[in-house]
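> Before we start, here is the structure in question, set down as structure tokens.
The values are calculated or read from the model by the stated rules, or taken from the named source; none is laboratory data. Predicted model only: the values in this text are computed from it and were never measured. Virtual Cβ from ideal backbone geometry, glycine too; neighbours counted across all protein chains shown. The protein model used for the area step is the full one, side chains on, heavy atoms only, and it has no ligands, DNA or RNA in it. Shrake-Rupley method; radii C 1.70, N 1.55, O 1.52, S 1.80 Å.
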Amino acid sequence: MITQRRVFQAEPGAAAAVVDKMKEFQRIFEKHGGPGCRIYTDMLSGPTDRVVWEFDMESLGKLEGLFWASSQNAEYSTAYENWYEGLKPLVQGATVELWNREV
């Protein structure tokens, strides 16, 4: 099992708005074959104003297949681009982590 985690560094005070944007994206993602996700906010540990969006896939190959299929779908691409334009002013950046679940 592979977990993909994206850690967004929100602008100060914008974490709640980023959570709303991630919920909006989840609807787009699921409509185009993406799995359910989990959204986390930090509890004032380490850098603050962080939002984590993560989901699981059966394998790295299935994850790559999902991203490839999405990139070939014009409806998804348009929805993603429109959504991303609304996210950009809310975040300073993000990191992506891929984890292999052992247990």
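> For the chain, what does the helix formula give at 222 nm: sum of -39500 (n - 2.57) over DSSP H segments with n ≥ 4, over the residue count, nearest 500 deg cm²/dmol?
Value at 222 nm, helices only, nearest 500: -13500 deg cm²/dmol.
> Taking the solvent-accessible surface of protein heavy atoms with a 1.4 Å probe, what is the per residue accessible area of the chain in Å²?
Result: 61 Å² per residue.
> Now a separate question. Counting only pairs 8 or more places apart or on different chains, how many lysine pairs in the chain have C-alpha atoms closer than 16 Å?
For the chain, the number of qualifying lysine pairs is 4.
> Beta carbons within 10 angstrom, averaged per residue: use that to sort the peptides 68-76, 20-28, 49-57, 95-103, highest first.
49-57, 20-28, 68-76, 95-103
> How large a share of the accessible area of the chain, in percent, is made up of carbon and sulfur atoms when the probe is 1.4 Å and the other protein chains stay in place?
Reported share for carbon and sulfur atoms: 55 percent.
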